[in-house]
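All remarks here apply to the structure that follows.
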Amino acid sequence: MDDLIIIGAGWAGLSAAAFASHLKPSAKIRLIAQGIGSLIVTPAWLSLLDSAEGEVIEAIRMLAMRYPEHPYALAGVDSLIAAARLFAQIGAEIGLGYQFELPLYNKRAFTALGTQQSPAIVPYGYQGAAQAGTQPLFIGFEGWRDHYPALSGAPFALIAPPLSERPWDLTPTDYARYFDQPHFCAEVARLVKARLNGATAVAFPAVLGLEQHAQVLQTLQERLGVPVFELPTLPPSVPGTRLYNKLRRYLLDRRVRLQIGHPVRRGVIEGGRVLGVEVAAAGKPQFFGAKAVILATGNLYGGGLFSDDRGRIWEGIFDLPVQYVADRQRWFGAHLLSAEGHAVHHFGVRANAHLQPLNAEGAPLAENLFVAGHILAHPFGAPLPLETAEGVALATAYRAVALALR
């Protein structure tokens, strides 16, 4: 029997496994997921509260006080601080350079469309944006369809790096593997240096190395003599893929059992306790027993919730009650990119302060079942879940792990 089973391999699931391996190294931890989760389509930075104009943690405290059913309020701000600090420690150990210190303020991050985002914690690839000055040079690659530097801003330049295949067909991860090769990186630096013309920094699409990311950044900055930073690209996200790959190795090194590509079919609850889960396998489902289970399968977009054409939404493993609006006409607003977002983003499972999912009467369904991440309901009127995405995932994962291993 496992001490803890975590279902899901997105931000919340992988973070929960990493936190559990730290908080109780002797525990038998198993992570089971149908797929590799959302990391490879995210920029890999941490949004805690993008709209915070001052100190981020204080703004989150005020948010939690205003919305007592918000996931931040359920997990507690102290859990967020502990989670962010531990994640940054892990991020440094795996070579991605996440940094967390208080007081915490949102950073500046450029996008490929010429706008700016404001995540709170960023890995190495985005840290150079803070020293970008007023005239960064935006770089693109001739013949590549996945990034157009003219959309990012001026000045921009297209270069033709030495490739052994057609640039049109390359994915972001293909380019990242090229940058892992020292001669390729050096030639790109030579081509870009000839186009600097007084630029205060250089912005590349986020393909600066897959396995040797820190070394690639260092090489480019030394050869160009100005800060270098990345812009998020179309999926797959290389920064997200880097993080997933390194977290996976980190967990395996700490003897966490990873079962990716194995969908959980059913959770088994008896007498108010989870006994374990049934996982799809050849012939018949395989049962895995556990002392505690954390459900971190995401929302409708992540595959943790399901819907039909009649307006019903349900959770597919434990059949947990879902908080949602039954009228499908009210799920979405009139404009796709509305600043107010859409009601559907707030749907999810209700939980108490112990992150135990609640039944229709407001009582916990099972004392050793916990929920974390984007499967949790967000109160209407609160900031959009995307504004707090990684922060909620980390805070609720940390809180759930601390309770599950208690």
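Observations, loosely collected:
- In this Cβ point-charge picture (+1 for Lys and Arg, -1 for Asp and Glu), the chain has a dipole of about 720 debye about its Cα centre.
- Sparsely packed loop sites in the stretch 104-183 (the trypsin sites (Lys or Arg not before Pro) outside DSSP H, G, I, E and B with at most 12 other Cβ atoms within 10 Å) comprise Arg145.
- The stretch 243-278 and the stretch 14-93 have Cα centres lying 18 Å from one another.
- The chain, relative contact order [Cα under 8 Å, separation at least 6], %: 24
- GluC sites (Glu not before Pro) lying in DSSP loop within the stretch 336-406, provided at most 15 other Cβ fall within 10 Å: Glu340, Glu361, Glu367
- Environment charge at Arg254 (Cβ cut-off 12 Å; Lys +1, Arg +1, Asp -1, Glu -1): +4
- Only Lys, Arg (+1) and Asp, Glu (-1) charged, at Cβ; the stretch 16-110 dipole about Cα centre in debye: 380
- Per-residue Karplus couplings for the stretch 235-248, computed as 6.51 cos²θ - 1.76 cosθ + 1.60 with θ equal to phi - 60°, are listed in order as x, x, 7, 5, x, x, 5, 4, 5, 4, 4, 6, 5, 4 Hz, Gly and Pro entered as x.
- Across the stretch 358-373, computed HN-Hα scalar couplings (Karplus, 6.51 cos²θ - 1.76 cosθ + 1.60, θ = phi - 60°) run 10, 7, 4, 8, x, 9, x, 6, 7, 5, 10, 10, 10, 10, 8, x Hz from first to last residue, x flagging Gly and Pro.
- For the stretch 133-226, the relative contact order is 34 percent, taking Cα pairs closer than 8 Å that sit 6 or more residues apart in sequence and dividing their mean separation by the residue count.
- Candidates per chymotrypsin sites (Phe, Trp or Tyr not before Pro) in the stretch 89-138, loop by DSSP, up to 15 other Cβ within 10 Å: Tyr105
- Shown for Ile6, Ile260, Ile159, Ile29: other C-beta atoms within 10 Å of each C-beta, ranked fewest to most, produce the order Ile260, Ile159, Ile29, Ile6.
- Sorted fewest first by neighbouring Cβ atoms within 10 angstrom, Trp331, Trp314 come out as Trp314, Trp331.
- Backbone geometry of the stretch 89-105 corresponds, through the Karplus equation with coefficients 6.51, -1.76 and 1.60 at θ = phi - 60°, to 3J(HN,Hα) couplings of 4, 5, x, 5, 5, 8, x, 10, x, 5, 10, 9, 8, 9, x, 10, 10 Hz, x marking Gly and Pro.
- Distance (nanometres) between label positions extended 7 Å along Cα→Cβ at Ala282 and Leu336: 4.3
- The ranking of Ser307, Ser15 from fewest to most other beta carbons within 10 Å of each one's beta carbon is Ser307, Ser15.
Every read-out reported here was derived from the displayed coordinates using simple, explicitly stated rules and does not represent laboratory data. This structure is a prediction, so every number in the text was calculated from the model and none was measured. Please note: Cβ atoms are built from the backbone with ideal geometry, for glycine as well, and neighbour counts cover all protein chains shown.
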